[in-house]
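Below: one structure, written as structure tokens.
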Amino acid sequence: MARVQVSQTQFTSGELDPRLAARHDYDGYFKGAETLTNVICLGQGGVKRRGGMKYINAHTESSARFVTFEFNVTQTYLLVFTSLKMYVYKDGVKQTNLNGSGNDYIATPYNATQIKELNVTQSADTLIIVHTSHAPRKIVRGGSHSTWTLSTITFPYQPTFDFNQDYDGSTFSIGSGFNVIGGDVTVTCNQASKITTEHVGGMFEGNGAIVRIESVNVSAKTLTGKVIKEFVNQNTLDGVDVSLEEPVWSAAHGYPSTVTFHESRLWMGNSTSRPQTLWGSVIGSFFDFDRGVGNDDEGIDITLDTDQVNAIYHIVSGRHLQIFTSGGEFFIPESPIKPSEVRVSRQTKFGVLQAVRPINVDGATMFIQRNGKQVREFIFTYTEASYVSSEVNLLAPHIMGSGLPLAMASQTGDVNNEGNYLFVVNNDGTMGVFITNRAEKVMAWTKFVTDGFIRDVAVVEDVVYIFVTRSIGGSTKHFIEALDDNHFTDSSVKKSQSSSATVTGLNHLDGKECRVRANSLATAGGGKTNTVMANATPSSGSVTLNRVVTDVEVGINFDVTIKTMPSAINLQSGPVSVKKRRISKVSAQLHESSGLKINDKAVPNKNLGVNVLGKPPEVFTGIKTLPILGYSKTAQVTVTQTDPLPLTLLGLTVELQVTG
């Protein structure tokens, strides 16, 4: 019987797909795990219990859309869109009496379906909102947290397009002033119905001239406008030689559905009638899309010319202006972008999921492929001088669950977590969490599960906000909650109070059995820490405990599971994967941990002695070794935690006994 030791010093490959169970030749096999539920991978290599979800507020609406508003690092807000309403949260507190109206919301035109389709971008204190069924709007923050203005954007000049393009048999005569730039000129058509009121604000082009249309007289079949570029002469023009353009955005033709800022221009794309077109504003004048005569600082109008219709779903400002469409990924290589020198280059052909906006993470743009199964990073490679779209969940596609993902957000690394995190809300109510640290080659997925269904996520100043639906006391409730490392339960309330056995402020949990965690328990013999008390069910917003507490947390429990891949090592007699084996001993390297089990065997947290009797277990840092009994086919280690206590697992050493 051979006795061998196998060490796992990191989990930087994250949770791995079950179909990798035979890939003992892959180095990431020994850095991953079969299950990583309700933990995050750390940049240093270990895994840590996720933070609890702190209760923020309840909403009666079942559908919500989170939008982040960040003026600077201290003035940040969470905007919550529900059907026809927008709420404002500052530091987790809902703002009331908005604009002195007495309401805690601002009315919007977006219904429950449309809020999921909104596309936004921000510059300073102005947020731009676009939707194909509504004229673009802006939200401007005022002088206080409760002062906000939502208004329709006024465009001095819109992009234009000739939607008719059929003037056969028509002629256009040119009036006086045809050769004076900035002067007025009148153009008369010989046929009715060719000139309509929709042409006001559009352009007339022909015989070398460009005229901005300011008014029309339908009965007289005339248009009048300013000469932007003069006519070569005053000859009458045939219909085949003219272009009669109207503003491209309207209720009839649809409005832009995607937006971003890039190189001092506001960029918009994809209206109902022009799904493959991208428009850039005049430089420094974000609402002016006048393309004029094509000077470098004037507006830009460019349409993707491809072998299939590629509707522009998202545009992202990065190293270049990146364009994500229904059928592929593009970018504009020129910088600065000028009307005379603009081209769109296709890079890959995967297509993006329209419902989830791509975001920048760790130097790449993360996007979800249109089938909803792959998360890809769109990143520039210097060796090829082009972009590639690598699949970042290739080793863990099962993390995405079934159905199409609902939302995505990112969190940059901080002093506690050396990595960048991507949160992907799955259709089944779970959330995939991906850490990436390119410099340290850390790329790992884990999964968050809660007693309920996660529906949306947003990150505001490093705080991860979650919209979650829960069943509470037989009723369906909708909550805004926030991940907090100082909380150990979900939908939780943490209170410091004078010595009392009654905890109040729990109305949202009425009828739900909860876990109770006391950080300081007032007793005659002194205080206790990390005390897990008996479960309690709030009623009328309060619970009465069996002992007096001063600091207490009440919330919904969640379990932690960490399960290694099947043990695999090659001996002289062959690989252990085909041999009968058992784990005889497991040593766990822990950091500030308590209340865990290894293969269903409790890990002791205190020694015997007079001074430890009557006290709860304290957190432990160091190595804990447990003997394990029984043979198995896979010889896996499962670390679990069912109590709301801290847990950080840095590594495992397993002693195997192999027969045969």
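Sorted into 5 angstrom bins from 0, the C-alpha pair distances of the range 199-316 split as 2, 10, 16, 20, 19, 15, 10, 5, 1, 0 percent. The charge dipole of the range 71-134, taken about its Cα centre with unit charges on the Cβ of Lys, Arg, Asp and Glu (plus for the first two, minus for the last two), comes to roughly 100 debye. Take the Cα of residue 592, step 7 Å toward its Cβ, do the same at residue 198, and the gap between the two points is 6.4 nm. Sorting the segments 470-480, 52-62 by their residues' average number of neighbouring beta-carbon atoms within 10 angstrom, most packed first, yields 52-62, 470-480.
For the range 135-185, go through all pairs of different Cα atoms, get the mean of 1/r, take its inverse, and jot down that Kirkwood value in Å. Computed over Cα pairs of the range 135-185, the Kirkwood hydrodynamic radius comes out at 16.2 Å.
Based only on the alpha carbon positions, what is the Kirkwood hydrodynamic radius of the range 272-384, in angstrom? Result for the range 272-384, one decimal place: 14.9 Å. When the listed pairs 31/624; 31/601; 194/338 are checked against a 22 Å cut-off, the alpha-carbon distance exceeds it for 31/601; 194/338. Size check on the range 146-219: the Cα extents along the three principal axes, sorted descending, read 59, 28, 22 Å. Taking 7 Å steps out from each Cα toward its Cβ at residue 355 and residue 498 produces label points 5.2 nm apart.
If a spin label sat at a point 7 angstrom from the Cα of residue 235 along the line to its beta carbon, the backbone N atoms of the range 183-207 nearer than 11 Å would be those of 207. Here's how it looks for residue 290: its modeled amide H is under 5 Å from those of 157, 282, 299, which are all 5 or more places away or on a different chain.
Ordered from largest to smallest accessible area (heavy atoms of protein chains, 1.4 Å probe), the residues 313, 29 come out as 313, 29.
The alpha-carbon positions of the range 17-104 define a convex hull whose volume is 180 Å³ per residue.
Computed over the range 58-213, the percent of Cα pairs more than 21 Å apart is 59. Here the gap between residue 306 and residue 70, fully extended at 0.36 nm per residue and compared with their Cα-Cα distance, gives a gain of 81.3 nm. Tell me which of 97, 22, 71 sits at the most positive position along the dipole axis of the range 14-126, charges placed on C-beta atoms (Lys, Arg +1; Asp, Glu -1). Selected residue: 97.
Compared with the direct C-alpha span, the chain from residue 126 to residue 602 gains 165.9 nm at full extension, assuming 0.36 nm per residue. Classification of the range 58-116 by its C-alpha gyration tensor yields an oblate form. The axis ratio a/c (a ≥ b ≥ c) is 1.5 or more, and b/c is at least a/b. On the basis of the beta-carbon distance and an R0 of 25 Å, residue 215 and residue 297 show a calculated FRET efficiency of 0.35. Quickly work out the residue 534-to-residue 5 label distance, labels modelled 7 Å from Cα along the C-beta direction, and quote it in nm with one decimal. About 4.5 nm, to one decimal. The value given for the range 369-473 is a Kirkwood hydrodynamic radius of 14.9 Å, derived from the mean inverse Cα-Cα separation.
Put simply, the C-alpha atoms of the range 304-459 give a gyration tensor, and the ellipsoid matching it has half-axes of 28, 19, 13 Å, longest first.
Across the range 1-42, the residues whose backbone nitrogen lies under 19 Å from the label position 7 Å along the beta-carbon direction of residue 584 are 1-8. Binning the C-alpha pair distances of the range 366-408 at 10 Å intervals from 0 yields a P(r) profile of 28, 48, 19, 5 %, listed from the shortest bin outward. Measuring max minus min along each principal axis, the C-alpha atoms of the range 1-68 give extents of 63, 25, 23 Å (largest first).
Across all directions, the shadow cast by the convex hull of the range 87-138 built on its C-alpha atoms averages 4.5 square nanometres. The listed peptides 184-195, 202-213, 36-47, 138-149, ordered by packing as a protection proxy, come out as 36-47, 202-213, 184-195, 138-149 (highest mean of other Cβ atoms within 10 Å first). With the highest mean first, a sort of the peptides 427-440, 103-116 on other beta-carbon atoms found within 10 angstrom per residue produces 427-440, 103-116. Report which label in [x] 47, 29, 24; [y] 60, 31, 17; [z] 45, 32, 21 holds the value of semi-axes √(5λ) of the Cα gyration tensor in Å derived from the coordinates of this structure. Identified label for the calculated read-out: [y].
Cross-link partners for residue 349 among the aspartates and glutamates, with Cα-Cα distance under 20 Å and sequence neighbours closer than 8 places in the same chain left out: 305, 307, 329, 377, 384, 391. Surface calculation, 1.4 Å probe, protein heavy atoms: residue 631 sits at approximately 110 Å² accessible. Derived scalar couplings between HN and Hα for the range 391-401 equal 7, 8, 10, 4, 8, 8, x, 5, 4, 6, x Hz in order, rounded to whole Hz, by the Karplus curve 6.51 cos²θ - 1.76 cosθ + 1.60 (θ = phi - 60°), x for Gly and Pro. Overall, the accessible surface of the range 132-251 at a probe of 1.4 angstrom is composed of carbon and sulfur to the extent of 47 percent. Total lysine pairs in the range 382-500 at Cα distances under 28 Å, for residues eight or more apart or on different chains: 4. Cα convex hull, the range 213-275: 164 Å³ per residue, rounded to a whole number. Across all directions, the average flat footprint of the convex hull enclosing the Cα atoms of the range 247-323 is 5.3 nm². Excluding ligands, DNA and RNA, the accessible surface per residue across the chain is 41 Å² with a 1.4 Å probe.
The values are calculated or read from the model by the stated rules, or taken from the named source; none is laboratory data. The shown structure was predicted, so the numbers you read here are calculated from the model rather than taken from an experiment. Here the Cβ is made from the backbone with ideal geometry for all residues, glycine too, and neighbour counts use every protein chain on show. Accessible surface is based on the protein model in full, side chains and every heavy atom, while ligands, DNA and RNA are left aside. Shrake-Rupley method; radii C 1.70, N 1.55, O 1.52, S 1.80 Å.
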